[in-house]
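Taken together, the values in this text are just the output of simple stated rules run on the coordinates, not laboratory data. Only a predicted model underlies this, so the values are computations on that prediction, with no experimental measurement involved. Cβ placement follows ideal geometry from the backbone for every residue including glycine, while neighbour counts extend to all protein chains displayed.
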Amino acid sequence: QEIDMQAQAEGIRTVFNDPTNFNVKHPLYSSWTLWFDSPATKGRNLPQTPVSAFPQTPIPPTPGAAAAQGWMEDIKRVISFDSVEEFWGLYNNIVPPSQLPQKANYYLFKEGIIPAWEDEANKNGGKWSIQLPKDKNRGHVDKMWLYTMLAAIGETFDPSPPSEGGSAPQSLITGVIVSVRPQFYRLSIWTRLAPSQGEADGLKDRIENVGRHFKMSVLGFGEAQRLAGPLATEVEFLSHKDSEKKGKAAKKIII
Amino acid sequence: TLTKNHVPAPLPSALATARNIDNINSVQYPEGIQSPKAELNTNAKDGKFRYDREFLLQFMALCKEKPAMLPPLDAIGLEPVDQSSLSMSRGGSGR
């Protein structure tokens with residue numbers, strides 16, 4: 001309360017006015033949680049200090065998510081944040097993708113959503129993803145991941161979601177992922193919904209706009225540019241349900 | 001206090017006490033700082049704001065404080081790999 005009154009009296013000071021003594025911060029549209037896994041995190045039980053000082057993977061909130069527990073076992077929750085200022089404090093103190101160990105993944109998801117298909121928020125959704133050869137992209141991947149995160153936390157992937165019942169509209173995005181593999185990087189944008197075959201409900205357009213923003217504004221490719229090649233894919237969308245049935249003809253959308 | 005005289009007590013982090021901006025359109029930024037694109041927040045509700053990349057990038061050089069809640073990175077296997085030493089220290093398995 002005192003702080004509020006002080007701010008009222010002294011006026012608003014952002015980090016741009018005073019980097020060490022600012023009194024307001026920029027709230028994000030949603031709170032976010034960063035998760036991480038790599039072969040080195042596998043089987044770590046995190047029993048002793050100082051390891052036990054960091055938050056454990058929360059108990060999944062829904063029965064569907066309980067099925068994801070095996071998948072989530074080795075994925076470690078790093079930290080949550082809900083302001084622009086906190087995001088950059090994290091970004092400036094963590095390892096960029098180009099320096100991650102092999103087979104590592106960062107998962108940046110909205111708070112309360114675990115990075116698994118089984119989560120209620122993901123189970124009817126899908127993902128936009130692109131795979132890029134490692135050799136040619138080692139120098140670009142950090143910027144691509146940064147821009148992907150900024151579009152996610154800034155909530156510009158899905159800029160005009162329909163408003164629901166007077167409260168702030170819900171966006172399609174649930175999280176973003178970067179994966180480091182021996183030969184390539186993969187970036188993914190997870191969505192809450194996936195368009196169903198042959199239904200003209202506007203959702204397909206909305207999903208495609210997310211993909212187009214990802215390809216052009218975030219990754220910096222031209223709209224008509226073709227990207228597939230050795231170890232590389234186009235920017236493509238696949239529902240999680242189609243991802244699950246491997247081998248069957250997948251109905252991909254390609255931007 | 002009992003702290004040694006020559007060690008100044010650390011200031012409480014501004015981040016810990018700063019309050020959320022509740023009206024993004026009312027903030028006056030210093031000269032040279034670009035405001036968030038207005039069209040992203042024309043119908044902003046519930047203190048939920050959208051921010052364009054150019055606006056967000058302006059914070060990068062200013063917000064460097066390590067988050068108090070960040071776990072020790074080596075404890076979760078999150079350590080930077082020195083690309084040049086991969087083949088030597090990891091017995092070539094990195095290739």
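Taking each of A:Lys103/A:Lys136; A:Lys123/B:Lys45; A:Lys76/B:Lys45 in turn, the alpha-carbon distance tops 23 angstrom for A:Lys123/B:Lys45; A:Lys76/B:Lys45. Amide H contacts for A:Ile173 (H built 1.01 Å from N in the peptide plane; partners 5 or more residues away or on another chain; cut-off under 5 Å): A:Arg192.
The lysines within cross-link reach of B:Lys48, meaning a Cα-to-Cα straight distance under 17 Å and a gap of 8 or more places when in the same chain, are A:Lys25, A:Lys110, B:Lys37. Which aspartates and glutamates have a Cα less than 12 Å from the Cα of B:Lys66, not counting those fewer than 8 places away in the same chain? Those aspartates and glutamates meeting the cut-off are A:Glu85, A:Glu86. Just add up the charged neighbours of B:Phe59: K/R +1, D/E -1, any other residue whose Cβ is under 14 Å from the Cβ of B:Phe59. Net charge in that neighbourhood comes out at -3. At a Förster radius of 25 Å, what calculated FRET efficiency corresponds to the Cβ-Cβ distance of A:Lys136 and B:Asp74, to the nearest 0.05? About 0.25, to the nearest 0.05. For region A:215-244 versus region B:17-47, the inter-centroid distance based on Cα atoms is 33 Å.
Neighbour counts of C-beta atoms inside 10 Å place A:Leu28, B:Leu70, B:Leu40 in the sequence B:Leu70, B:Leu40, A:Leu28, starting with the fewest.
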